[in-house]
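Structure, as structure tokens:
Just so it is clear, none of the values below were taken in a lab; they were calculated from the coordinates. Note that the structure is predicted; figures quoted are calculated from it, not measured. With ideal geometry, Cβ positions are generated from the backbone for all residues, glycine too; neighbour counts draw on all protein chains shown.
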Amino acid sequence: MAIHLTLAVTFFNFVGANAARVVLTLYALELGAPASAVGVLGGLLFVFPLLLSWPIGALADRTGARGLLLFAAVCGAASLTLPYFVRTLPAFYVAAALNGLALAFFHVTLQNLIGTLSRPEDRARNFSNFSLTGAVTNFVGPLLAGFSIDNLGHAPACLVIASQSVIAIALILAWGRLFPPGRPHATLDAGASHALLDREVWRMLVVSGLVQLGTDLFQFYLPIYGHSIGLSASAIGAILATLAVAAFVVRLFLARLVKRVPGETLLRWVFFMGAIGFALVPFSGNAAVLGAIAFFFGLGMGIGIPLTVILMFSRTTEGRSGQTLGLRLTANNFVRVTGPIVFGAVGSAFGLPVVFWIVASIMASGGLLSRSRAGSR
């Protein structure tokens, strides 16, 4: 029952988080915000995950999940309620930061909870189900955002998205006691300090950050590109949903792929397919072509994040999973904060096509690095 509750809370929270990114971006563009301001908005979504993922991981080890998840759900609801009442860019910045605070608590706590609730023999299956739930929310979130905007308007859409966090609050209040308690005497920093001395952990942090950069920038800048060529919010949401469908399909086979193909080889193809997807976007001018590119991109990059989680978890010291996962998310969120800001400035100066081509080059470089590493083993 506890594992099913965890997946349900994951669903509603991540639907809200994925939809919030689309709603806040398109709402800001509707109000006339420049690309650089939208880039700052995207970066603010990940400031708190950058700053707090490591300590939240340690806190999850010590206190358990219920209180942390409840706090996160309240922050998520508040973040989408604010733009409904205050329709200014500064208010959107506050909303993005609040949503990022919710994401910080959700992401680390839920990942750690999945591992804590799992026995060794079913841990891989539970993490696979967690990954599939995330893929479903990547599909539902953008669709919910796009259709809510087109049918209700930007401001009412914010309340629709906020309702997802309200449902999560109700679930946690009703059944949150099913979650296991924490370990009050768990060590706070030894696990992370030990991890920082491990070169293999450092390498995985870099690889994980590159995968996160490519995944996030594609999801963040594709709506901006779609808006620039005149696509409707529903069309943009549908394109992002095709990306989620592809990710869901490929994650169904993730466990089999990991058994048959070395992880480094899979990472190489993740990077190469991501590079091709980024490079092709500026040459497309309609929703159908963009949807096909998004689907291809999702077939590759869709396994990137869960693959790095699996590889990182295999290097986790027993009893310190929260801290190790928090360290990974700290590295990932560094690129999530800096990426939209840096490439927002690039887009404002040189245009959106340059952004896609630069990131394509970065992804191709990651693929070459993975090929070199795989070939040496």
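Structural remarks
- Between the exposed loop cleavage positions of the chain, defined as GluC sites (Glu not before Pro) in a non-H, G, I, E, B DSSP state with at most 13 neighbouring beta-carbon atoms within 10 angstrom, the longest gap is 122-317.
- The P(r) of the stretch 2-375 has a tail past 36 Å containing 16 percent of all C-alpha pairs.
- Measuring between their Cα centroids, the stretch 109-162 and the stretch 11-80 lie 13 Å from each other.
- Long-range HN-HN contacts of Gly64 with modeled amide H, under 5 Å: Gly182, Arg183
- Residue among Cys158, Asn129, Leu101 farthest towards the positive dipole end of the stretch 2-375, charges placed on Cβ: Asn129
- Relative contact order (%) - the chain, alpha-carbon pairs under 8 angstrom, separation at least six: 29
- Computed E for Val261/Trp202 - FRET, C-beta separation, R0 22 angstrom, nearest 0.05: 0.40
- Sorted by Cβ neighbour density within 10 Å, fewest at the top, the residues Met301, Met312: Met312, Met301
- Cβ-placed point charges (K, R +1; D, E -1), dipole of the chain about Cα centre in debye, nearest 20: 860
- Given their separation in residues at 0.36 nm each and the Cα-Cα distance between them, Ala2 and Leu152 gain 50.4 nm when the chain is fully extended.
- Taking chymotrypsin sites (Phe, Trp or Tyr not before Pro) across the stretch 206-310, the ones in a DSSP loop with at most 13 further Cβ atoms lying within 10 angstrom of their Cβ are Phe253.
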